[in-house]
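What follows is one structure encoded as structure tokens, with my remarks underneath.
Just so it is clear, none of the values below were taken in a lab; they were calculated from the coordinates. Small disclaimer: the values here were computed from a predicted structure and weren't measured. Cβ coordinates were reconstructed from backbone atoms using ideal geometry, including for glycine residues, and neighbour counts include every protein chain displayed.
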Amino acid sequence: ENKVYSVQFDDSIGCFLKEEFDTFTHNYKIYGLRKPFIDRVIKTWNGVPSNLGILFNGIKGTGKTVTSQVLCNAIGLPVILVNGNYPGLVAFLGTIHQEVIVLFDEFEKNFGGDELFSSKKSASTGLLTLLDGVMKSEYRKIYLLTTNEVKMDVNFLQRPGRLRYILTFGNLSQEEILEIVS
């Protein structure tokens, strides 16, 4: 179903999905919504026959996660939240036989960084194959990553087929400031 799920892990059964909620909700006004960007992603998704990778990067509190949630709602696919580097995660994600959005919030904390990369190389390498579509399937996926710092294997960034869009979130624009204060 088109709901939001999180990946959980149990030693006896491995990775599994837990339903979290129907959709992302926000009980506050969202400022600086990047509607033209969201529309471009939707148009790209509807026009490409393969997986789509997106990276939102920027300092804490700049809207990466909220924009990710709004984008997920706008696309209308089931969302799988990945909040840990679990054993068998890549194989598990490869067994999902439908179009979904896989959201890695704060990706670098689980899969990136020089000190983390060396110990988590197999997971990172496996994720590269997922983004590439090496594990070819008739079911496309959107891989949406947020990071506070781009501390990840450079192989994620070197090929446009892995991460088609990289959006950096920074200080508020003059338009956003005016929207907030008016």
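Take the Cα of Thr23, go 7 Å toward its beta carbon, and the backbone nitrogen atoms of region 45-78 under 12 Å from that spot belong to 70-77. Dipole of region 1-82 computed with +1 at Lys/Arg Cβ and -1 at Asp/Glu Cβ about the Cα centre; of Gly47, Ser6, Phe16, farthest Cα towards the positive end is Gly47. Computed from label points 7 Å out along Cα-Cβ, the spacing between Ile42 and Ile30 is 1.1 nm. Converting phi to 3J(HN,Hα) with the Karplus coefficients 6.51, -1.76 and 1.60 and the offset θ = phi - 60°, region 61-75 yields x, 9, x, 5, 5, 4, 4, 4, 5, 5, 4, 4, 4, 5, 6 Hz in sequence order, with x at every glycine or proline.
Ranking Phe92, Ser68, Phe107 by Cα position along the charge dipole of region 52-114, where only Lys, Arg, Asp and Glu carry charges on their C-beta atoms, puts Ser68 farthest toward the positive end.
Give me the extension gain from Glu175 to Phe9: residue separation times 0.36 nm, minus the current Cα-Cα distance, reported in nm with one decimal.
Working: separation 166, 0.36 × 166 = 59.76 nm, distance 4.32 nm.
That works out to 55.4 nm of additional length.
In terms of packing, defined here as the mean over residues of other Cβ atoms within 10 angstrom, the peptides 98-105, 139-146, 55-62 line up highest first as 139-146, 98-105, 55-62.
Structure note, pairs Lys35/Lys141; Lys60/Lys141; Lys3/Lys64: Cα-Cα distances above 24 angstrom occur for Lys60/Lys141.
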